[in-house]
1. Within the stretch B:566-578, can you find the residues that are farther than 13 Å from B:Glu60 by Cβ and either touching a Gly at 6+ places or on another chain (Cβ under 9 Å) or among the charged types (D, E, K, R) (or both)?
2. I need the full set of residues from the stretch A:50-77 which are surrounded by fewer than 16 Cβ atoms within 10 Å (Cβ to Cβ) and not β-branched (Val, Ile, Thr), in order please.
3. Can you pull out the residues in the stretch A:345-354 that are crowded, with 22+ Cβ neighbours inside 10 Å and in a loop (DSSP other than H, G, I, E, B)?
4. Could you list, in sequence order, the residues of the stretch A:1-13 that are buried (at least 20 other Cβ atoms within 10 Å of the Cβ) and of a type in the set (A, V, I, L, M)?
5. Would you confirm whether or not the stretch B:550-568 contains a residue that is surrounded by 13 or more Cβ atoms within 10 Å (Cβ to Cβ), in contact with a Phe, Trp or Tyr (Cβ under 7 Å, 6 or more places away or on another chain) and within 14 Å of chain A (Cβ to nearest Cβ)?
6. For A:Phe120, which of the numbered conditions (1) facing chain B (nearest Cβ under 7 Å); (2) under 19 Å from A:Val392 (Cβ atoms) fails to hold?
7. Hey, could you check the stretch A:378-392 for residues that are surrounded by fewer than 20 Cβ atoms within 10 Å (Cβ to Cβ) and not aromatic (Phe, Trp, Tyr) and say which is farthest from the other protein chains (Cβ to nearest Cβ)?
Amino acid sequence: MSTIFGSFEIGRKALRVQHKGMEVSGQNVANANTPGYSRQRAEMAAVVSPIVPGPSLAPGRGVVITDIVRVRSEFYHAQMVKTGSHKAFWEMKKETFQGIEAVFMEPDDYGINKYLGDFFDNWQELSSSPEDISVRNALRENAVSLTRSVEDVYLRLEDLRIDLSGELYMRVDEVNRIADSIAELNEKLRFIDALQQKSNELLDQLDLAVEELSKLVDIRVHHKANGTVEIFAGGRLLVQEDQAFYLAVEGDGNSGYQLVSHRGLPLKMESGRVLALIDAANTDIPAMQEELDLIAATIIEEVNNLHFSGFGLQQGDGINFFNPIGNPDLPASLQFKVSDLIMEDSSYIAASSQFGEPGNGEISLEIARLRDFRAEDRLNGSSLAEYYRGIVTSMGVQAQESERMVEAFGKTEAELIELHRSIAGVNMDEEMLNMVQYQHAWNAAARYLSYVDEMLTILFTELGR
Amino acid sequence: MRVTHRMIADTVNTNLQRSLRRLEVYSNQLSTGKVFHKPSENPVGVGRVMGYSAAVNRNEQYRLNMNQTRGWLENTEASLRNGLDVLQRVRELSIYGANESLTADDRRAIAPEILEFLEHLIGIANTETNGLYIFGGHQTLSVPYRKEKVYHADILGGGIDPDSAVIAAGLQNGNYSLSQSSVTPAADEDAAVRVTQSYLQGNAESIIGEADWGDLVNGVMIKPGLQAGSTITIGDDFVTGSPAENFVLTLTYDGTNNRWDYIDDGGNPQSIDTGIFSHYGITVDIDQLTGSAADGDIITVASGISSSVMLEVTGVDFESGQVNYHYLSHQYALDGTYQKAEGDFSLTFGDTAPQSVTLGAVTVNVEGLGSMNPFLASGLKVGDRATLDILPGMTAGSNYDQVTVNGEHRTGGSAVSYLFDQDSLNGREFEFKYYSLDTFDRSPDKGALYDGSVTVNYGVFSEAEQALTFSYDKMGFPVYYGDFNDRVQEISPHQEMIMNLSGDKAFGSNREIFEAVYDVYWALIDNDREALGDTALEKMDRAIDHFLGRLAEVGARSNRVDAMNNTLSNENLYLREVRSNIEDIDLAQVITDYLMQENAYKAALSTASMMLQPSLVDYLR
């Protein structure tokens, strides 16, 4: 039954609801730029009068907010997250190859290509002036530059590798940290749910954490009814309820890194920055280092073979130009040095094919011809210079591919973000309109209340007299 | 689709970023002039640019090499031209020298000029470029042609024909060859030192060996039983008396008849088996010798000053039988002192008593002058030469030999061989002194030319008797110390060019070019008019042709080098162009693109500002 006092109720509810609506708008406006914020909407419903027997016509009993929902698209969000994971993977790949590119410094006048060319050019010059000590010294210096540049590139690749493996540990720590925060959120959400409440803000935070996590490792998210999530990373359980099961890095630079779950089982990842880091440290960089070793070893072997059979200015044969590789387990690039005898005295450089013939430069010519030498069973049938160029080209191709993938996924991600935002983002104008509406409704409700208050006043003051 | 302000802001931002990125790319291209800078920007392009860069460097290396090659070839050509001039001049002199109206003196006066030309030619053969000798083959750091005596010391097996070792005083003309003979002395015979001498018929040249080593005993065969190195002195147990000057007495033991054969001072063969005989003013007690003699043993007794006398006929009068001689004599006293005697004397041949003449410290019996006797040799003429040798005597201390090499212009030089005692010389280092001169060179210090020594150490000898041979090469004739290799240069990939002419190719594998000039010189000295107009001239012609041929060869190579240089130059341009097409920007294009992009950027900025500023907030009161 509707009494005057009941009318107050309508007004009171109206005030409160419109006020709350205004607050929701205000919350939206306040968080218009908050990352991960989904705009909220107050769901209002008219209060149904209680059902009483007998005919009665009664308007509803006011308005009530049934729910404050987050306006968002889970579908777009999920797609966005997955795409973001792939993009992060390719971004890391791109960084890796750009780092490798920077180490090689080609095409350039100070790269290995130039030193390799100069090396053979010098042998060519020696063949026509074998007696000339200044030519011998120049050859020796250029050879030293070549060995140093190879060694330098190798060591800088190694530095890059160490840096990236450092980042790997850091990122895995980050994963574990995010897992922790998700577990915490889970706990809070479960508690809130038990209290039959809801926290949109916490849910937003959860979404944000998931986004961040997916950039690092590829995850599968199971949403529970109570708002908590269960997260699997690389196929292994990462977060369940309020528990986070930490990931760890196993292995080292020599055996290769591997990401394992808390129970020691390896993860099978398909995207994410961490996967790209592991690839870089285990495969991408060591592959380049091995190529470098192959080139160094080939140069050492082939030049020495010819040099060994040749004679210096006054010396006998059997002298190596480069130090032969002493330890086959260590990288050739780090053992690539001009031999001590020749460093001491460049007249030991064997240009001549016969003893005691200072004008003979035939061995020198043979060594110069190594530049073009091709054989089926070595270096895939390429010459030394060709093979090195091939390495640089394929590295460039990989870097280029990574860039393209980053761009492609970036575009997709941008579109998905836009789609998601179009649903979940805050539009100022809209909120303004909402606020105006709420304000008007509140004004109207206030006016209604003042009218009802007047009516009551008349009832109290006028009627009993 | 619903649009939020955030979305607009993001979109504007993304687009502005994209625009800026493009601007950055263009700006980078403009400031470096290159289209790409990293392999990731254009992997294939980068690979190709690296390839072309390497090719350009290599091309430039070849061009540098080319300069080297051209330098060598030009130098070689210039040297050959200079040499050609020299040869032409010598040829002219040869023709002039063949002129009938010239005398021997005239010809001899021209000869020194030829030697000068020879020196010049040798200088040309030793041309250097950049400190490298261009005619030495691969031996570019050492002088290829040197006027040194070459002493080849070889160990020969066997001994020497003993008969050739003995020269009697007076003249014996004849041919004695130095031998690696097959005579092998009996194994238990002590070794002896002998001096072998050789004569050539006609222009008698002789060599007398000189050495200064303790174990040589001049011209003496040690009687078996006596020790090597011991001396036999006159006044010794079996030889007494006052010897006549300049004699040699050789006693040969005939084992079959148990007697000693010899030639007495009358020139008659004699034999004695016991007792005492006297010849040459000395008395020999045979019985003292016979005791341990074996068949074929020889004892030589000689005296006097070791001397060689070179005679040259300066005037002949067949009517009166007078011959004028000029003599030059090197004389070694028994104590090792040396003196040189030179002068003129005349002898009148005929039915007068045999004469002797004193030359310096030596008295020569001219009875047996042989070809110097106008009555015996009707062909005697002015300019003929002969050499007399007087064997050394024997006393304690006179252990040396003298080597005098005269007129070393004959092909092949000359040699002297020694036998020596192997035990005493085993493992020792010994020094052989040589002294040689051109006896008909009238320069004042002759006798001091080519003075020197060579030291050899042969370690342990394995043969019972071994000989050491020293061979001399022609005086003043250069010896080749280079090798026969070609200096090869790669002028473009797998194309080679020989940049030098080794000595054997330029000057003859037997130094024929020098020999041709040398022959002219000696033809002038020898007053050989015929040779000057004929054989010597022919040799010069051949030499000149040889040089012409080499000049043509070198010229052809030079041409090829020039052609290759042209090709390389064109190739260089081409490579650079292709590389530029790949990596260099089209300046006009990039600037246009940049300006357009800049405009787009500005438009985007102004649109954004228009869109972002107003919102409903401004309009609600």
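The values are calculated or read from the model by the stated rules, or taken from the named source; none is laboratory data. These numbers were taken from a predicted model, which means no experiment stands behind them. Neighbour counts are summed over all protein chains in view; Cβ atoms, including those assigned to glycine, are modelled from backbone coordinates with ideal geometry.
1. Within the stretch B:566-578, B:Glu577 is the sole residue that qualifies.
2. A:Pro50, A:Pro53, A:Gly54, A:Pro55, A:Ser56, A:Leu57, A:Ala58, A:Pro59, A:Gly60, A:Asp67, A:Glu74, A:Phe75
3. A:Ile349, A:Ala350, A:Ala351
4. Of everything in the stretch A:1-13, just one residue is buried (at least 20 other Cβ atoms within 10 Å of the Cβ) and of a type in the set (A, V, I, L, M), namely A:Ile10.
5. Scanning the stretch B:550-568, I find at least one residue that is surrounded by 13 or more Cβ atoms within 10 Å (Cβ to Cβ), in contact with a Phe, Trp or Tyr (Cβ under 7 Å, 6 or more places away or on another chain) and within 14 Å of chain A (Cβ to nearest Cβ), so the answer is yes.
6. Here A:Phe120 meets the rest and fails (1).
7. Out of the qualifying residues, it is A:Arg378.
Okay, residues lined up against (1) over 24 Å from A:Gln124 (Cβ atoms); (2) not acidic (Asp, Glu):
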residue	(1), (2)
B:Asn485	no, yes
B:Glu496	no, no
B:Ser502	no, yes
B:Gly508	yes, yes
B:Ala536	yes, yes
